[in-house]
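The values are calculated or read from the model by the stated rules, or taken from the named source; none is laboratory data. Keep in mind that this is a model prediction, so the values were computed, not measured. Note: ideal-geometry Cβ built from the backbone for every residue, glycine included; neighbour counts use all protein chains shown. Only protein heavy atoms, including side chains, enter the accessible area calculation; ligands, DNA and RNA are left aside. Shrake-Rupley method; radii C 1.70, N 1.55, O 1.52, S 1.80 Å.
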Amino acid sequence: MLQSKQRTPEEIDAYLEELKTWLKEDRDTPAEEMTDFFSKRLGIYEDVHLGHWPEEYAHIADFFRDGLNSLLDIGCGTGLELNAVYRRFPQAEVTGIDLCRDMMDKLQQTYRDKHFKAIVADYFECPFEAERYDAALSFETLHHFPYEKKKRIYQKLYRALKPGGYYIECDYMACCAEAERLCLEQYEYKRKKSGLPGHVFVHLDIPLTLEHQVELIRNGGFQSVDVLYQNSGTVILRAEKAEIHDAPKGRET
């Protein structure tokens, strides 16, 4: 099992200075459309991600409960997290959703002998079957999207889970409110400068603080949200849906 390690106040200060320097250097680098970004980097994607989160990929399945039969994996990319999932649950039926066809083609080849269904789509718009899955998962994907988009996906995930189901999230969280604000300012500047239509996704990081992320998940309808693991900016959460079906807070738009 992974061992948590939180940043000290001194480490947060140092990280903030590094972030400010990087944001300044990157400010006028052109923003890239999401699918183009990943298609161009398909050859290095797995090495880069495994370089950043090797232990998290290797152990993500440890955070699931026994008896997993059906899983919804959003933003799955080439499915690095599924190696651990299928190792522990070899007969699990997994539905993976991702925008990038090139990555999904590679994923299907990797797990062609497993119960895997690939959907090339925008997971914010793709309909999820109600109360279909034992669990849902997102791994390092939601930090690319603004607040309102995240609010909607949590409502959708809640509805897609069976009563008593749960949602696992491994993602990059802002260390503090200042880091969240700085990243959002950069996003808005580069988004405007890119000239890309508003409905087109761009590959930019806008992580929320852990507190804001948990608040959003709860507003999606989940009864509880627990921090299972934290290593600097990487956090693994589990959100629970009650055994008895309750309507989620808010309304999906």
Give, rounded to the nearest 20 debye, the magnitude of the charge dipole that the range 72-159 has about its Cα centre when Lys and Arg contribute +1 at Cβ and Asp and Glu contribute -1 at Cβ.
120 debye
Highest to lowest packing among 44-52, 201-209, scored as the average C-beta count within 10 Å
201-209, 44-52
If you average the sequence gap of Cα pairs under 8 Å that are 6 or more apart and divide by the length of the chain, what percent do you get for the contact order?
22 percent
Lysines within cross-link reach of Lys20: Cα-Cα under 21 Å, excluding same-chain residues under 8 positions apart?
Lys190, Lys192, Lys193
Protection-proxy order for peptides 191-200, 57-66, each taking the mean of Cβ atoms within 10 Å per residue, highest first
57-66, 191-200
How fast does the range 124-253 diffuse by Stokes-Einstein, in µm²/s, taking the Kirkwood radius from C-alpha pairs at 4 °C and 1.567 mPa s?
85 µm²/s
Taking R0 as 41 Å, what FRET efficiency do you get between Lys193 and Lys117 from their Cβ-Cβ distance, rounded to the nearest 0.05?
0.60
Would you work out which of Ala177, Tyr187, Ile12 lies farthest towards the positive end of the dipole of the chain? Charges go on Cβ: Lys and Arg +1, Asp and Glu -1.
Tyr187
Any idea of the accessible area per residue across the chain, 1.4 Å probe, to the nearest Å²?
49 Å²
Counting only DSSP beta bridges with both partners in the chain, the antiparallel fraction in percent, to the nearest 5, comes to 40 percent
Size of the dipole of the chain about the Cα centre, Lys and Arg at +1 and Asp and Glu at -1 on the beta carbon, nothing else charged, in debye to 20?
680 debye
Give me the percent of accessible area attributable to carbon and sulfur for the range 101-253, probe 1.4 angstrom.
49 percent
Here are labelled values, [x] 55, 44, 34; [y] 47, 38, 36; [z] 86, 55, 24, and one is the computed Cα extents along the principal axes in Å for what I pasted. Which one?
[y]
In vacuum, with every alpha carbon of the range 168-234 counted as one equal point scatterer, what does the Debye formula give for log10 I(q)/I(0) at q = 0.14, 0.21, 0.24, 0.26 Å⁻¹? Two decimals, please.
-0.52, -0.94, -1.06, -1.12
Of every hundred units of 1.4 Å-probe accessible area on the range 1-40, the number belonging to carbon and sulfur atoms, as a percent, is 52 percent
In Å, the Kirkwood hydrodynamic radius from C-alpha pairs for the range 111-165 sits at 12.6 Å
Give the shape of the range 1-109 as rounded, prolate or oblate, defined through the alpha-carbon gyration tensor: a ≥ b ≥ c are the square roots of its eigenvalues, a/c under 1.5 means rounded, and otherwise the shape is prolate if a/b is larger than b/c and oblate if not.
oblate
Centre separation in Å (Cα based) which lies between the range 1-76 and the range 89-141:
19 Å
